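The values are calculated or read from the model by the stated rules, or taken from the named source; none is laboratory data. The structure presented is a predicted model; accordingly, all values stated were derived computationally and were not measured. Cβ coordinates were reconstructed from backbone atoms using ideal geometry, including for glycine residues, and neighbour counts include every protein chain displayed.
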């Protein structure tokens, strides 16, 4: 009996090992288990990650005073308490303005693994991306001057910048958004899938392993690959036209390319697609098969893939709401107009 169990376990480990190799061959890459290796992957060589910068960036991320109204922060649309997004079809910003292109807020979790930022990939990295929403009229609606005047008017913030960057630091708009971007680089959520790929053959259930195999065999990994399980630029409407393409005017970049969303924590980031018109993960899987792969994904396959995607729900670091420094008489007042 003991020999039979040993043989069964050996066979199970061989199958799991084969699946890991199949996943690697399909372009799927795990988040490194080593903190040193992960840091190499997420660090900005032009502005290295330090605890002081990250803690400051976290405060700025949560501070609504960076917006014109004094009401909206980065966390408003990219809520770290849930999937790193807002759960809405389209982002809502200044004066309750719905995004004029009906664009959905992407998750900020694991966004460091994106090749480019924004749905049309117009931004090369997180530090640059952070500048956009702050200045966009339908979002935070602030000017560079408003942001720099706000931060420089608060002595506690000035001291924190000096502590993070040195006493001679010039607190510019770019330095502020660079610091927000640096904090966002650390929002990485390793999952059971990564444990499995990194050698723990028991990290995924049999059904999750079957789902991973279905995910690969159907062709999902053609676009959803790399460390982010997505994040690259790819053609959209390859074999058919997305059924809600008429909602909003988004058509991708100049070449019709669209950034592939990460599938990490995808169970927590509904609704789906660039305009948020697909409510469930099952529907999203079937629709993607139709328009991107030219494949009719049946209910059994969709359920199998969805079971695997649940294994991409990652471990999030505890995020305590930071205590923000007090405003002064020189701090710009909120403007709701």
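Just one of the listed residues (211, 181) is in the same structural domain as residue 265 (by TED's automatic domain parsing), assigned to a helix (DSSP H, G or I), modelled with pLDDT of 95 or more and touching a helix residue (DSSP H, G or I) at 6+ places or on another chain (Cβ under 8 Å), and it is 211.
Of the residues making up region 215-231, those that are within 11 Å of residue 23 (Cα to Cα) and part of a helix (DSSP H, G or I) are 215, 216, 217, 221. With respect to the stated conditions, residue 276 fails to be part of a loop (DSSP other than H, G, I, E, B), buried (at least 18 other Cβ atoms within 10 Å of the Cβ), touching a strand residue (DSSP E or B) at 6+ places or on another chain (Cβ under 6 Å) and not assigned by TED's automatic domain parsing to the domain that holds residue 121. How many of the residues in region 119-158 are surrounded by fewer than 21 Cβ atoms within 10 Å (Cβ to Cβ), in contact with a strand residue (DSSP E or B) (Cβ under 9 Å, 6 or more places away or on another chain) and in a helix (DSSP H, G or I)? Of the residues in region 119-158, 3 are surrounded by fewer than 21 Cβ atoms within 10 Å (Cβ to Cβ), in contact with a strand residue (DSSP E or B) (Cβ under 9 Å, 6 or more places away or on another chain) and in a helix (DSSP H, G or I). Mind counting the residues in region 63-82 that are closer than 23 Å to residue 264 by Cα and out of contact with any strand residue (DSSP E or B) (no Cβ under 9 Å at 6 or more places or on another chain)? Final tally of qualifying residues: 7.
Does residue 303 count as closer than 22 Å to residue 192 by Cβ and modelled with pLDDT of 95 or more?
Here the answer is yes, as residue 303 does meet what is asked.
Going by the structure shown, is residue 57 assigned to a loop (DSSP other than H, G, I, E, B) and either outside the structural domain of residue 169 (by TED's automatic domain parsing) or at pLDDT 95 or above (or both)? It is false that residue 57 is assigned to a loop (DSSP other than H, G, I, E, B) and either outside the structural domain of residue 169 (by TED's automatic domain parsing) or at pLDDT 95 or above (or both).
Checking each residue in region 112-134 for being touching a helix residue (DSSP H, G or I) at 6+ places or on another chain (Cβ under 9 Å) and closer than 22 Å to residue 279 by Cα picks out only 118.
Residues in region 287-325 that are more than 25 Å from the chain's Cα centre (by Cα) and touching a residue at least 24 places away in the same chain (Cβ under 8 Å) were compared, and the one that is surrounded by the most Cβ atoms within 10 Å (Cβ to Cβ) is 297. Being in a helix (DSSP H, G or I), modelled with pLDDT of 95 or more and more than 20 Å from residue 175 (Cβ to Cβ): is that true of residue 16 here? Against the criterion (in a helix (DSSP H, G or I), modelled with pLDDT of 95 or more and more than 20 Å from residue 175 (Cβ to Cβ)), residue 16 does not qualify.
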